[in-house]
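Derivation of every value follows stated rules applied to the coordinates shown; laboratory data play no part. Every value quoted in this text rests on a predicted model; they were computed, and no experiment measured them. Glycine gets a Cβ as well: all are built from the backbone with ideal geometry, and neighbour counts include every protein chain shown.
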Amino acid sequence: GAVVSQHPSWVICKSGTSVKIECRSLDFQATTMFWYRQFPKQSLMLMATSNEGSKATYEQGVEKDKFLINHASLTLSTLTVTSAHPEDSSFYICSAEIREGTSYNEQFFGPGTRLTVL
Amino acid sequence: GNSVTQMEGPVTLSEEAFLTINCTYTATGYPSLFWYVQYPGEGLQLLLKATKADDKGSNKGFEATYRKETTSFHLEKGSVQVSDSAVYFCALLSGGYNKLIFGAGTRLAVHP
């Protein structure tokens, strides 16, 4: 159980185009999903927290107009990289949260999406 | 603020060697602590966790003990295998916030 999928697993696009990445919780409902960015050989940096039915909360320094997040249902969140540029090339990872009472929330991670912008 | 510090890698070991990857944290309150593993080309997988002081998390031969007095959560394995080669991330989840804070990651390479 607790499987999170991402689609696509990799994408190559031209500079200036927009790319949408989907994150789905396959066997559970996730009220909260998270989007991370990982640069080569570096840790994950949280970009934004996405709550179902409400606007995403972005971390400091993350451009909300560039990285559009939509969490339309309890099993789907999307990240759209608008007007992508080569510096947006990265590994994007989502996670979905399972709440266990009020003391502990476990996140389950998707396999990631490798974005390359030419 | 909350933070996690891991030992720098890469760590290179021979098969069946003992592994320790150090992790210390700074946090307010009583965070939950995690070790995640990332195999080449894959996303993160939860390896083990501990939610309160003195808890020991264990999985696949790996262990880590939540030490509040030293604010540490060191990862250990008695005998590593080539298949353990991966990047290991220490992380904390603060009780008041639902955000995971990750360490920088430690790359482990195990040779036959």
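Summed over the range B:11-26, the residues that are more than 14 Å from B:S83 (Cα to Cα), more than 14 Å from the chain's Cα centre (by Cα) and not in a strand (DSSP E or B) give a count of 1. When the test is whether a residue is within 21 Å of A:S25 (Cα to Cα), aliphatic (A, V, I, L, M) and surrounded by fewer than 18 Cβ atoms within 10 Å (Cβ to Cβ), A:A72 passes it. Cβ-Cβ contacts under 9 Å between residues 6 or more apart (or on different chains), taken from a first residue in the range A:57-85 that is more than 24 Å from A:V4 (Cβ to Cβ) to a second residue that is buried (at least 18 other Cβ atoms within 10 Å of the Cβ), are listed as A:H85/A:V117.
For first residues located in the range B:55-70 and exposed (fewer than 13 other Cβ atoms within 10 Å of the Cβ), partners that are among the hydroxyl-bearing types (S, T, Y) and in a strand (DSSP E or B) and lie 6+ apart or on another chain with Cβ distances below 9 Å form the pairs B:K56/B:T65; B:T70/B:T24. Taking the range B:27-46 as the range and being surrounded by 21 or more Cβ atoms within 10 Å (Cβ to Cβ) and either away from every other protein chain (no Cβ under 12 Å) or assigned to a loop (DSSP other than H, G, I, E, B) (or both) as the test, the residues that pass are B:P31, B:W35, B:G43. Residues in the range B:69-112 that are part of a loop (DSSP other than H, G, I, E, B), hydroxyl-bearing (S, T, Y) and farther than 20 Å from B:K56 by Cα: B:S85, B:Y97.
Taken together, the residues in the range A:36-67 that are within 11 Å of another protein chain (Cβ to nearest Cβ), part of a loop (DSSP other than H, G, I, E, B) and in contact with a Leu (Cβ under 6 Å, 6 or more places away or on another chain) amount to 1. Restricted to the range B:77-112, and to residues there that are more than 14 Å from every other protein chain (Cβ to nearest Cβ) and farther than 19 Å from B:G57 by Cα, the residue that is surrounded by the fewest Cβ atoms within 10 Å (Cβ to Cβ) is B:P112.
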